[in-house]
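Written below as structure tokens is the structure these notes are about.
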Amino acid sequence: MCTCMLPVIMAPTTMELHDGGAIMESDNNIREVCLVWENLEVEVVSSYSNERRKKVLNGISGYAEPNRIMALIGPSGAGKSTFLDALAGRLGGNVRITGNVTLNGTKTTTSCRNINYVTQEDYFLGTLTVRETLTYAAHLRLAANKSKDEIDKVVAKTLDEMGLEECAESRLGNWHSRGISKGEKRRLSIGIEILTQPHILLLDEPTSGLDSAAAFFVISSLTSIAHNGRIVLCSIHQLSSEVFNLFDDLVLLAAGETVYFGERTNAIKFFADAGFPCPTRKNPPEHFLRCVSPEFDNVLSLMRSKNVNDTPSSWNSLVNMTTEETKWNLINSFKNSMHSANVREKIREIKLRKEAVIERAYDTSTLKQLCTLTHRSFLNMTRDIGYYWLRILFYILVSVCAGFLYLNVGTSNNAILPRSKCDGFIYGFMTFLCIGGMPFFLEELKVFEGERFGRRYGEAIYVLSSFISSLPFVVAISLTSGTILYHMVNFHPGFSHYCYFCINLFCSISVTEGSMLVVAALVSNQLLAIVTAAGVSVSISSSHSEQITRLI
């Protein structure tokens with residue numbers, strides 16, 4: 001494997017030689033780093049009892065170097081996602097972790113900005129284009145002092161690097177419009193994470209759900225990123241031979257143990273030396289997984305029960321052994337091999353370097369975050385017909401129906417009770433209709449959760465920006481509904497009474513909308529959020545005072 005401090009082959013840029021011989025890129029202040037994990041153990045503690053623990057990772061060690069792309073493979077439940085979460089510092093509160101994760105010998109923290117993580121799910125605002133999505137992400141992630149032209153250049157470079165120029169002006173797609181392909185969405189997710197040029201890029205199954213061509217394109221893009229001076233480590237569930245050959249290094253996990261760690265080209269020889277050679281014309285990663293995946297025991301038992309004698313040739317060396325036996329033979333073979341000794345020696349060598357890692361200072365100002373999120377949210381609300389436009393139409397229809405129901409109630413003494421009923425019906429129904437926006441709030445919340453996961457901004461900024469962007473629509477609802485109801489019901493005449501009625505309607509709806517946003521941000525379950533929102537809506541509508549009834 002390559003040495004840690006080799007010069008990076010990158011696009012033309014000014015390079016400076018600093019004390020100690022380390023090469024630093026002067027425009028971005030990027031120093032090459034090595035990632036090391038040593039004796040990493042992860043246990044999941046039961047929420048009900050501290051005695052019930054499940055060990056997910058069991059003392060694994062290894063390292064990752066720049067200019068290399070590493071594949072992380074293993075059967076389901078091997079601990080791949082947990083391993084990536086541990087490296088990124090994103091394990092949950094019910095997880096106990098021991099061991100060390102270091103960058104150039106310095107222990108990482110949960111707020112480390114040098115590591116970016118691409119999760120399995122792609123959550124975007126479907127009404128935005130690819131270019132708009134990248135541009136808003138750049139405004140949220142890059143330094144506050146960057147100009148619009150500089151950000152546009154970064155976005156254009158990222159589009160080119162990820163092969164997204166052809167679909168740059170295409171919308172991502174949502175419930176009422178078709179958008180870009182899943183492969184393009186995957187590349188967009190990666191593009192968002194490389195905007196800040198991180199030292200290390202972690203990806204959890206970036207080819208999940210993609211066909212072979214799209215998977216090859218995604219991994220090819222990641223290979224280019226890695227060979228530009230970065231560390232790229234991604235878990236892969238299924239690998240074709242073409243995609244497998246794009247990787248430099250390989251990590252094979254099983255039951256939280258390291259089965260193999262090293263260069264991809266040496267893996268076949270390791271399995272052959274351990275007594276499990278890869279058959280000719282067999283895809284190597286499929287053979288590796290066959291050796292450690294317990295599911296194959298069930299398949300073999302089923303074949304035997306049905307008297308199927310033509311067992312695949314790739315299983316001949318394994319047919320007399322259970323997967324459990326094969327797995328532990330391989331694990332013990334690796335522990336006693338030169339591969340394991342080389343890993344320990346390399347880790348000691350990297351730890352001796354102890355070179356400082358420059359933290360990436362890409363914090364934007366709170367004001368810029370608020371303005372960016374408000375603009376993005378307003379654009380999404382404007383383009384999504386279901387967010388507010390259909391609701392405005394529904395508000396108008398309900399207002400007309402209520403107007404006919406209480407047509408010309410008047411202001412006489414005999415009309416006091418009907419006017420009170422009308423008032424309660426209007427405010428109660430109007431505030432209750434705000435629940436119709438909850439599914440759209442929750443859909444947008446998925447994007448917020450992903451961005452909060454990346455430590456870009458907090459809940460308060462999100463709620464405030466969404467509330468501000470919704471105000472023009474709430475004003476439109478209040479004016480249209482208020483005008484229809486005021487004149488059809490024939491409330492007290494006078495412009496001041498009309499304004500008072502519309503302002504109170506606006507306040508009731510805006511308070512309810514704001515409450516919906518808070519509920520959506522705090523309650524992740526959609527059904528529970530809607531039920532909670534309904535309770536909040538009823539509470540707000542029932543608090544309507546008699547003074548308002550008398551004044552209208």
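Take the Cβ-Cβ distance between LYS446 and ILE385 as r, set R0 to 22 Å, and report the resulting FRET efficiency rounded to the nearest 0.05.
Rounded to the nearest 0.05, the efficiency is 0.70.
In what sequence do CYS422, CYS371 fall when counting other Cβ within 10 Å, fewest first?
CYS371, CYS422
With a Förster radius of 60 Å, plug the Cβ-Cβ distance of ASP160 and HIS492 into 1/(1 + (r/R0)^6) and report the FRET value to the nearest 0.05.
0.40
Relative to a virtual label point 7 Å from the Cα of ASN408 in the Cα→beta-carbon direction, which members of segment 476-507 show backbone nitrogen distances below 12 Å?
488-490
Report the label-to-label distance for PHE432 and SER177 in nanometres (one decimal), using points 7 Å from each Cα along the Cα→Cβ vector.
3.4
Taking the Cα-to-Cβ direction at ALA476 and at LEU352 and moving 7 Å from each Cα, how far apart do the two end points lie in nm?
Each label point is offset 7 Å from its Cα along the Cβ direction, giving 6.8 nm.
Spelling out what I want: for every residue of segment 418-433, take phi, set θ = phi - 60°, compute 6.51 cos²θ - 1.76 cosθ + 1.60 (Karplus), and round to whole Hz; glycine and proline get x.
Whole-Hz 3J(HN,Hα) from phi for segment 418-433: x, 5, 5, 5, 4, 4, x, 5, 4, 5, x, 5, 5, 6, 5, 5.
Neighbour counts of other C-beta atoms within 10 Å: give me TRP389, TRP175 arranged from fewest to most.
TRP175, TRP389
Rounded to the nearest 0.05, what FRET efficiency do GLN120 and CYS499 give with R0 = 56 Å and r taken as the Cβ-Cβ distance? Could you check?
Approximately 0.60, to the nearest 0.05.
How many angstrom separate the Cα center of segment 475-499 from the Cα center of segment 366-395?
25
If each residue's Cβ is checked for other Cβ atoms within 10 Å, how do LEU250, LEU522, LEU159 rank with the fewest at the top?
Details: LEU250 25, LEU522 11, LEU159 20.
Fewest-to-most Cβ neighbours within 10 Å comes out as LEU522, LEU159, LEU250.
Give the Debye-formula value of log10 I(q)/I(0) at each listed q (0.16 Å⁻¹), with one equal scatterer per alpha carbon of segment 225-294, two decimals each.
-0.57
Output ³J(HN,Hα) for segment 227-239: one whole-Hz value per residue in order, computed from phi by the Karplus curve 6.51 cos²θ - 1.76 cosθ + 1.60 with θ = phi - 60°, and x for Gly and Pro.
6, 9, x, 10, 9, 10, 10, 9, 7, 10, 8, 10, 10
Bear in mind that the values in this text are calculations on the coordinates, not laboratory data. Predicted, not measured: the structure shown is a model, and the values here were computed from it. Heads up, the Cβs are rebuilt from the backbone with ideal geometry, glycines too, and the neighbour counts pull from every protein chain shown.
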